[in-house]
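Read the structure below first, then the notes.
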Amino acid sequence: MTFAKSVAVTILMAGLSINAYADNRAAMLEFDAKVRPIAQRSQLLSDMQVKLMDDFNQMAEAGKSASAVFNSGKVQQLQLLGNETLIEANLFVAEFEHFLAQLPETSTCYLPEKVTEYQGMITQLTQANKALSNVPEIADGDELGAAMALLNLQMHAGQLSSLVQMFQLVKTCYMPEAMGLTKEDVERMKTQTEDAVN
């Protein structure tokens, strides 16, 4: 291929990429507008969960027994916050599916595998959140049992917060999209980088 033809093909491909990005950008803007209130509510719930776990820690530092902390009624509050977070998560996934339906499969943002991943996380966390209702009251003398239960609560609250944060990671696809890269381009670059490291 001559230099002139090579330049012409490059310009043509760049033009096509820009047009594709313009179409995809409209879908991105719509997606952003729809998920912004979901993200804001989810972040507020996450902040409330952090505050609740701080309350647990302060009670423990104030000398209350682990069993007293665990039986304080705050577990039910955590469960309610978890339920609300999971509702928001399901709303987010529904909007994400709608977003994907507007994209070509070549788009760097076309990530249907993320839907399966998020749905799996939501199912797992829903079961864990429901299980909080079945946790028996901790006997006053069972400090080890109460301490383990509190640790499990902290892990559960952390997983709920991680779910909220992961939704923001979806938008990391925007940058390669803006650069005119396709999903295939990103995969090829990833493979080349892995090969270079190995």
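In region 97-134, which GluC sites (Glu not before Pro) fall in coil by DSSP and have 13 or fewer other Cβ atoms within 10 Å?
Values: sites: Glu97, Glu105, Glu113, Glu117; in loops: Glu105.
Answer by residue number: Glu105.
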* To do: Grab the Cα-Cα distance for Thr172 and Gln58, subtract it from 0.36 nm times how many residues apart they are, and report the gain in nm with one decimal.
  => 37.3 nm
* With no solvent and one equal point scatterer per Cα, compute the Debye intensity ratio I(q)/I(0) for region 73-198 at 0.09, 0.12 Å⁻¹ and report its log10, rounded to two decimals. => -0.41, -0.62
* Asked: Could you give me the ³J(HN,Hα) list for region 47-57, computed from phi with Karplus coefficients 6.51, -1.76, 1.60 and θ = phi - 60°, whole Hz, x at Gly and Pro?
  -> 4, 5, 5, 4, 4, 5, 5, 5, 4, 4, 5
* Asked: Label points 7 Å out from Cα along the Cβ direction at Ile87 and Asn71: separation in nm?
  -> 3.1 nm
* With 10 Å bins from zero, work out the P(r) of region 39-101 over every alpha carbon pair and list the percent per bin. => 21, 37, 23, 12, 5, 1
* Structure fact -> Cα-Cα longer than 21 Å, checked against Lys34/Lys130; Lys51/Lys74; Lys114/Lys183; Lys114/Lys190; Lys74/Lys114, kept in input order, equals Lys34/Lys130; Lys74/Lys114
* Asked: For Gln127 and Ala26, what does the FRET efficiency come to when R0 = 41 Å and r is the distance between their Cβ atoms, rounded to the nearest 0.05?
  -> 0.60
* Asked: Extension gain Thr193-His98, at 0.36 nm per residue separation less the Cα-Cα distance, in nm?
  -> 31.0 nm
* **HN-Hα J in Hz across region 175-184 - Karplus 6.51, -1.76, 1.60, θ = phi - 60°, x for Gly and Pro** => 5, x, 5, 5, 7, x, 7, 9, 4, 5
* **Residue-by-residue Karplus 3J(HN,Hα) for region 186-196, coefficients 6.51, -1.76, 1.60, Hz, glycine and proline x** => 5, 5, 5, 5, 5, 5, 4, 5, 5, 5, 5
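Each value in this text was obtained by applying a stated rule to the coordinates, not by laboratory testing. Everything quoted here is computed from the prediction, not taken from an experiment. Using ideal geometry, Cβ is built from the backbone for each residue, glycine included, and neighbour counts are taken over all protein chains shown.
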